[in-house]
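Each value in this text was obtained by applying a stated rule to the coordinates, not by laboratory testing. Given the structure is predicted, the values throughout are model-derived calculations rather than measurements. Neighbour counts are summed over all protein chains in view; Cβ atoms, including those assigned to glycine, are modelled from backbone coordinates with ideal geometry.
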Amino acid sequence: MFQKNEPPINKKKKKKRRMSEKDTETFDVMELAEHVKKQRWWNKMFGNKQSGPAAEKYSVATQLAIGGVTGWCAGYLFQKVGKLAASAVGGGFFLLQIAHHTGYIQIDWKRVEQDVNKAKKQLKLNSDKPPKEVRTKFNEVQVFVKKNIVLTGGFAGGFLIGLAS
């Protein structure tokens with residue numbers, strides 16, 4: 001390996017160049033939070049924390065339109081994905097039934113019944129009170145729905161129309 005006194009293997013000599021004022025670059029450190037506060041579109045859309053929900057800044061018609069369009073998109077996607085999932089589950093169940101009746105698969109129905117009963121008991125024990133995380137999220141959703149009732153109503157209507165289309 002290399003010893004301390006040996007020069008490096010690269011035999012080309014490099015000229016050392018001193019950096020002048022022209023070579024140095026200066027950078028301004030910009031506070032992102034301050035930059036965002038100066039952006040009109042950000043303030044217009046999300047507003048300050050003290051100004052309340054963003055939906056209050058729009059008219060009722062605009063809120064209904066935004067909620068309706070997003071609801072329709074969600075409903076339409078839910079319908080398409082739901083059909084695909086139902087087809088996959090139903091097709092899989094159908095194939096398992098065929099395999100069972102032709103003798104490829106043997107099902108221990110007593111064990112299935114025991115496992116289902118055991119799962120029912122566990123669900124009954126844990127159904128008394130939902131976990132803290134679920135209660136917290138549910139409360140957040142309730143507050144959002146109450147503050148943005150017009151937007152939520154538009155979303156619900158659009159979702160149902162999206163499911164039907």
Centre separation in Å (Cα based) which lies between segment 70-89 and segment 103-165: 17
Inter-probe distance in nm under a simple model that places probes 7 Å from Cα toward Cβ, at K124 and L160: 3.6
Nitroxide proxy distance, nm - points 7 Å out along Cα→Cβ at Y104 and I149: 5.7
In nm, spacing of pseudo-spin labels at E140 and L95 (7 Å Cα→C-beta vector): 3.8
Note, ³J(HN,Hα) from phi for segment 100-108, Karplus 6.51, -1.76, 1.60, rounded to Hz, x at Gly and Pro: 5, 6, 8, x, 6, 10, 10, 10, 8
